[in-house]
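Engineer: Please find one structure pasted underneath; my questions will follow.
Just so you know, all these numbers are worked out from the coordinates, no wet-lab data involved. Source: prediction; values computed, not measured. Glycine gets a Cβ as well: all are built from the backbone with ideal geometry, and neighbour counts include every protein chain shown.
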Amino acid sequence: MTFKRSDGRKENELRPIEIKRDFLKHPEGSVLIEMGETKVICTASVEEEVPKWMQKSGTPGGWVTAEYGMLPRATSTRNSRAKNLESGRTMEIQRLIGRSLRAAVDLKDLGKRTIWLDCDVIQADGGTRTAAISGAFAALVEALKKLKKKGLLKRWPIKEFVAAVSVGVVDGKMLLDLNYEEDSRAEVDMNIVMTGKGEFVELQATAERGTWDTQKLNQLIGLGSRGIHEILKIQKRIVGSL
């Protein structure tokens, strides 16, 4: 019997991806990223100061940090806005986004400023954290381009493109870019964050049922790497060369 994904994709196929620049009027950088039915607004805001811990320590350069949230009706049932903001899952995801984007930036070249990346999920259908990372990178570049245009950057701080994708095992099949229906019944679930050089920023992997071996791990990483390569091409088409 031929394996069929719920949305008709091939096992190694990404969902349709669209990144819309300048989605909002006020932020220095903003995009709407759509990966299938998952939609995330990512904004980059420039604050001309660094966190207090950096001020006290005298750490040179600036900082990049993130906040993540999900609108109450981003899913099929309403989630409390306050509970969502306070949840451990939310904290874990926004730390992941912050770590991922800092890997793209030479913080010393940022100057004494903070870039806030706000990722708000307006519709969720799996892969919200990976979509947020890929979209936040585009918003970050847009904000930094505006700083450069104003002559506020001595050197261009972006070192690398960064993108992310999910992979998993569903019904014994290795799948790229899981939607919610697939993610909810995955035997193995992994999120991969990589740079444009093909180097890893983060791997988050969990066996939801049973265990898995090194061979399967390597196969999933290979599948995810190919997917990220495709996402990077889309990012480069949207934001241009660095």
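Engineer: Somewhere in the stretch 189-202, is a residue in a loop (DSSP other than H, G, I, E, B), under 15 Å from the mean Cα position of the chain (by Cα) and closer than 24 Å to PRO16 by Cα?
Structural biologist: Initial filter on the stretch 189-202 (in a loop (DSSP other than H, G, I, E, B)): 196-199.
Those left that are additionally under 15 Å from the mean Cα position of the chain (by Cα): 196.
The next check asks that each one be closer than 24 Å to PRO16 by Cα; those that pass are 196.
Checked the stretch 189-202: at least one residue is in a loop (DSSP other than H, G, I, E, B), under 15 Å from the mean Cα position of the chain (by Cα) and closer than 24 Å to PRO16 by Cα.
Engineer: Also: So which of GLU18, GLU28, GLU11 is without any contact (Cβ under 8 Å) to a residue 24 or more places away in the chain, more than 17 Å from GLY69 (Cα to Cα) and of a type in the set (Asp, Glu)?
Structural biologist: Exactly one residue qualifies, and that residue is GLU18.
Engineer: On to the next question. Considering only the stretch 11-47, how many residues are in a loop (DSSP other than H, G, I, E, B) and more than 14 Å from ALA124 (Cβ to Cβ)?
Structural biologist: Final tally of qualifying residues: 12.
Engineer: With respect to ALA132, is the statement that it is within 24 Å of MET190 (Cα to Cα), out of contact with any Leu (no Cβ under 9 Å at 6 or more places or on another chain) and surrounded by 15 or more Cβ atoms within 10 Å (Cβ to Cβ) true?
Structural biologist: no
Engineer: If you don't mind, another one. Inside the stretch 135-156, can you point out the residues that are free of Cβ contacts under 8 Å to residues at least 60 places away in the same chain and either aliphatic (A, V, I, L, M) or buried (at least 19 other Cβ atoms within 10 Å of the Cβ) (or both)?
Structural biologist: LEU152, LEU153
Engineer: Go through the stretch 52-71 and report how many residues are surrounded by 10 or more Cβ atoms within 10 Å (Cβ to Cβ) and either of a type in the set (Phe, Trp, Tyr) or closer than 26 Å to ALA138 by Cβ (or both).
Structural biologist: Within the stretch 52-71, residues that are surrounded by 10 or more Cβ atoms within 10 Å (Cβ to Cβ) and either of a type in the set (Phe, Trp, Tyr) or closer than 26 Å to ALA138 by Cβ (or both) number 12.
Engineer: Moving to a separate point now. Determine which single condition GLU48 fails, assuming it passes every other condition in (1) within 22 Å of LYS146 (Cβ to Cβ); (2) under 20 Å from the mean Cα position of the chain (by Cα); (3) surrounded by fewer than 20 Cβ atoms within 10 Å (Cβ to Cβ); (4) not small (Gly, Ala, Ser).
Structural biologist: Every listed condition holds for GLU48 apart from (2).
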